[in-house]
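Quick note: the coordinates plus some simple rules give every number you see, no bench work behind them. All values reported here derive from a predicted model rather than from experimental measurement. Don't worry about glycine lacking a Cβ; one is built from the backbone with ideal geometry, like all the others, and counts go over all protein chains shown.
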Amino acid sequence: MVASAVAVEGLSLQVGAFALQDISFSLSAGETFVILGPSGAGKSLLLETLAGFYRPARGRILIGGRDLTDAPPEARRIALMFQDYALFPHLNVAQNVGFGLRFSPRRSGAEPVGALLKRLGLEHLAGRKPARLSGGEQQRVALARALAMEPALFLFDEPLSALDARSRDTLRSELKTFLGRAGVPAIYVTHDQLEALALADKMAVMSNGALLQVGTPSEIFNAPASEVVANFVGVETVLEGTVLSVSEGMAAIGIGGRILHALANDAAAANASVLACIRPEDVALARTTHPDSSVRNQFPARVTAVAAAGPLFKITLDAGFPLVAYVSKQSYLELGLVSGVALIASVKATAVHLIGRAAPP
Amino acid sequence: MTPDPARRQGFGQPRGLMFVFSLAGGLLLVFIALPLLRLYGAQTPASLMRVAAMAEVRSAILLSVEAAFLTAACAALLGVPLAYLLARTSFRGKGLVEAIVDLPLAVPHTVVGIALLFVFGRTGIIGAPISELTGYQFWGSAGGIVIAMLYVSAPYTVNAARVGFEAVDPRLEKVARTLGAGRWAVFLQVSLPLAARGILTGLTLTFARSISEFGSVIVLTYYPMTAPVKIYDMFLQFGLGDASAMAALFLAVSLSLFVIFRALFASRRGAAAGERRG
């Protein structure tokens, strides 16, 4: 297929205090697009406009080459997933999943409700009301309900933000597996950077109704196009790599030609693609190699940029890969940190956070 | 255990408060229940049987029940759509619409009856042309009774149904639309069932208010007599005896209907709340 599965062109709209300014992007089949932004950025307005609840003042929405800009929500086949999944409380699981089929006859080849329930492991819950389901079960019912209508696009409005950290991790990985299998493009909005990193094939940072930068997660995190983007994503180093080996709770990650050691977690399976994240305050700089051998990651690096960041200094380094460190003013003076200085950057393996990625398509 | 001054203070004061409040509340309960209990205490089985055997007493009670049901049906048809609009939209003049909805609660019921005469009476702006065109007259007919009842009792349905609709998460309606449901289908299959107990509560109140209505009914249509009008009529003609016997009978009918409805919808409410909490 040549055309994009989803194309949004120059979408603009003003609703009360919220606005969308010239939003453009395109998605190919099966791609997950994460829009990261603070609350009030217009993320929900964008989703509801895509779903058909607002008519844009300008711009077009094309799905599968069809112009849906003026179509009502019920004619778009765009699934909208809210924070708490908005299951119909008066209907049981099977009725929730079958809800969309009341309005459109099932196409040949589409999955019947029974098969959907079975596929998502919901068979035994068919007669249960939503209030008596766990968070994970609710998510699966909402996904099944959306799948039943064979959506051309999934929209997720911060579905995990109300959950406690532990269920969030579980549901996030379930969702990721689901999106990987469904092959339906998805737009996922969140203010959580980890969530963005974990789910995004492609991502954007949104602020004041505009998409400030669109790119891969590592492009956005490592090469923010503007100060606003940089401030919002933080200056965490995000590196794309491959797991080379896992042993005794430690993973070796190949990043370009370098090897980074990290504490192994769920993402660390041999040959898996991962993102390795390092917070700048966990990067130590020294003139010589650290004598303490427990610091596994020590890289010769060269300073490429220095900037004041509040009481600290933000040092951008080239260690064979881009790396950002925060140092105190005292270290800054002692080490004589200016562009071009060569030194040793070290990071404890416990400070490297691994996030699993779907293998590149 | 260490003595806790805050706790001791918290223990002493509300106890006095609870005592005083219980006393005041108890007085009010006695005030409400005593006259009704006395009404029944004053009856003999013989007098009750005799009045119950009168055809005009039975037909008046039946008419009251029928007219109140019909009124509740009208309130549902006209009040539920308005309640949905008030719950879901905001528009210029909404405050005025809300004030109009509540207006009947503030108008004395004899005034309601007189005002209705100007519209539905013999020379009323609607009553006259309708009687000319169709021969139907609102005075002296069940239609006039329903109109008088509806005027004073409609606000209960509108307000309770509105609260019911407001409690329905708008995102459920949005999700339903993305799943292919048009606006009518969303209303009928999502909003209406989820607001059902608010609506039924409102209809129960409308029914109760209608069946007990006297003032506006007697002004607009003295005949055919509803139970409250018949009781008043008997009181004027024959004094307290038979009137109080019929009052006791009618009260038993209307209260038991009210209690049955409340029990039905209250249990539904309990079930729904239980489901929600899981």
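Just a few scattered comments:
- Å³ per residue enclosed by the Cα convex hull of segment B:47-109: 110
- Whole-percent pair-distance distribution, where bins are 5 Å wide, for the alpha carbons of segment B:83-199: 2, 11, 15, 14, 13, 12, 12, 10, 6, 3, 1
- Listed by chain and number, the aspartates and glutamates whose C-alpha is less than 14 Å from the C-alpha of A:LYS202, apart from same-chain residues fewer than 8 away, are A:GLU31, A:GLU219, A:GLU240.
- Rounded to the nearest angstrom and listed largest first, the equivalent-ellipsoid semi-axes of segment A:238-356 from its Cα gyration tensor are 26, 14, 12.
- Normalised by residue number, the volume inside the convex hull of the Cα atoms of chain A is 162 Å³ per residue.
- Förster-model FRET efficiency, 56 Å R0, B:ASP169 and A:ALA286, C-beta, rounded to 0.05: 0.50
- Rounded to the nearest 20, the Cβ-based charge dipole of the protein assembly as shown about its Cα centre (Lys and Arg +1, Asp and Glu -1) stands at 1040 debye.
- Once the chymotrypsin sites (Phe, Trp or Tyr not before Pro) in DSSP loops with at most 12 neighbouring Cβ atoms within 10 Å are cut out of chain B, the longest remaining piece is B:137-278.
- Percent of Cα pairs in segment B:58-273 per distance bin of 5 Å, from zero to the largest separation: 1, 7, 13, 15, 17, 15, 12, 9, 6, 3, 1, 1, 0, 0.
- Note on B:ALA106/A:ARG60: beta-carbon distance plugged into 1/(1 + (r/R0)^6) with R0 of 60 Å gives a FRET efficiency of 0.65.
- Mean per-residue shielding of peptide A:73-79 is 5, counting Cβ atoms of other chains within 10 Å of each Cβ.
- Residue-normalised convex hull volume from the C-alpha trace of segment A:1-45: 71 Å³ per residue.
- Here the relative contact order of chain B, from alpha carbon pairs under 8 Å that lie six or more residues apart, stands at 26 percent.
- Restricting segment A:213-270 to GluC sites (Glu not before Pro) in coil, as DSSP defines it, with at most 13 other Cβ within 10 Å: A:GLU248
- Values of log10 I(q)/I(0) for segment B:12-58 across q = 0.16, 0.29 Å⁻¹ run -0.62, -0.95, by the Debye formula with one identical scatterer at each alpha carbon and no solvent.
- Averaged over peptide B:168-175, the number of partner chain Cβ atoms lying within 10 Å of each residue's Cβ comes to 6.
- Residue order, fewest to most beta carbons within 10 Å, for B:THR134, A:THR289, B:THR221: B:THR134, A:THR289, B:THR221
- Average silhouette area of the protein assembly as shown, convex hull of alpha-carbon atoms, in square nanometres: 45.3
- More than 19 Å apart - percent of Cα-Cα pairs taken over segment A:1-154: 58
- Within straight-line cross-link reach of A:LYS348, lysines at Cα separation under 20 Å, skipping those fewer than 8 residues along the same chain: A:LYS314
- Scaling against 2.2 N^0.38 Å puts the C-alpha radius of gyration of segment A:110-209 at 1.13.
- The convex hull defined by the C-alpha atoms of segment A:298-361 has an orientation-averaged projected area of 5.8 nm².
- Entry note, chain B: the mean residue ellipticity at 222 nm calculated from DSSP H runs of n ≥ 4, each adding -39500 (n - 2.57), is -27000 deg cm²/dmol after division by the residues and rounding to the nearest 500.
- Normalised contact order of chain A, rounded percent, pairs of Cα under 8 Å and 6 or more residues apart: 16
- Theoretical gain in end-to-end length, A:LYS176 to A:ALA305 [0.36 nm per residue, Cα-Cα removed]: 42.8 nm
- Spatially proximal aspartates and glutamates relative to A:LYS129 (Cα-Cα < 17 Å; intrachain offsets below 8 disregarded): A:ASP84, A:GLU137, B:ASP169, B:GLU275
- For A:23-35, mean number of other protein chain Cβ atoms within 10 Å: 0
- Scaled radius of gyration (Cα, divided by 2.2 N^0.38 Å) that segment A:1-86 gives: 1.07
- Percentage, to the nearest whole number, of Cα pairs in segment B:160-213 over 15 Å apart: 51
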